[in-house]
Structures are given as C-alpha cells and as structure tokens.
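This report concerns only the one structure given below.
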Amino acid sequence: MNKFVDMKIEEAIVYCLASSGRGMRTEQIADMINRQRLFVRKDGNPVTSAQIYRIVCIPKFSVRLRDVLC
C-alpha cells in the first residue's frame, strides 16, 4: 500500500513541485500524481491537468504554495 494515498490533492501538488526542484506544467503534475499514486480520486479516475489547474488557481492555495516553495 502506498504511504501517500492519504494526501490531499493540494499536498500532492506541493510534493510534486518540491521534489522536482523546477516548475512543472499541469499535465506533468497530474502525470506524476497518477504514476506515484500520491492522490486517488474517490471515483477511481485519474487526476486531470484541468483539475490541477483549478486547484492552483484558488487564491488562498496559491499563497500557501508560494510560502512552501519560496
């Protein structure tokens, strides 16, 4: 069992960006989350780049993301 399955999707995004050490496109983030099973949707479908985009565009999350990565 993957130890990361209990991550929230926001935590999975931060993990991807922090572990890559560089900027990533939403498609790359979604691919990494799905490959490593960092987050599993309740319906079992893979995370999409559109879902990542919507989350990153939430202002309060974007501020927290800058605090973690900068």
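Consider segment 10-20. How many of its residues are of a type in the set (A, V, I, L, M, F, W, C) and open to solvent by 40 Å² or more (accessible area, probe 1.4 Å)?
Step one: list which residues in segment 10-20 are of a type in the set (A, V, I, L, M, F, W, C), which gives 12-14, 16-18.
Filter once more, keeping what is open to solvent by 40 Å² or more (accessible area, probe 1.4 Å): 18.
Count: 1.
Within segment 54-64, is there a residue that is at pLDDT 90 or above, among the hydrophobic types (A, V, I, L, M, F, W, C) and surrounded by 13 or more Cβ atoms within 10 Å (Cβ to Cβ)? Checking segment 54-64: not a single residue is at pLDDT 90 or above, among the hydrophobic types (A, V, I, L, M, F, W, C) and surrounded by 13 or more Cβ atoms within 10 Å (Cβ to Cβ). Only residues that are at pLDDT 90 or above, within 11 Å of the chain's Cα centre (by Cα) and open to solvent by 70 Å² or more (accessible area, probe 1.4 Å) were counted in segment 37-53, giving 1. Count of segment 21-35 residues, restricted to those that are open to solvent by 50 Å² or more (accessible area, probe 1.4 Å) and either touching a Lys or Arg at 6+ places or on another chain (Cβ under 6 Å) or under 15 Å from Lys8 (Cβ atoms) (or both), is 0.
The values are calculated or read from the model by the stated rules, or taken from the named source; none is laboratory data. Predicted model only: the values in this text are computed from it and were never measured. Neighbour counts run over all protein chains shown; Cβ positions are idealised from the backbone, glycine included. For the accessible areas, the whole protein counts, side chains as well, though only heavy atoms, and no ligand, DNA or RNA atoms are used. Shrake-Rupley method; radii C 1.70, N 1.55, O 1.52, S 1.80 Å.
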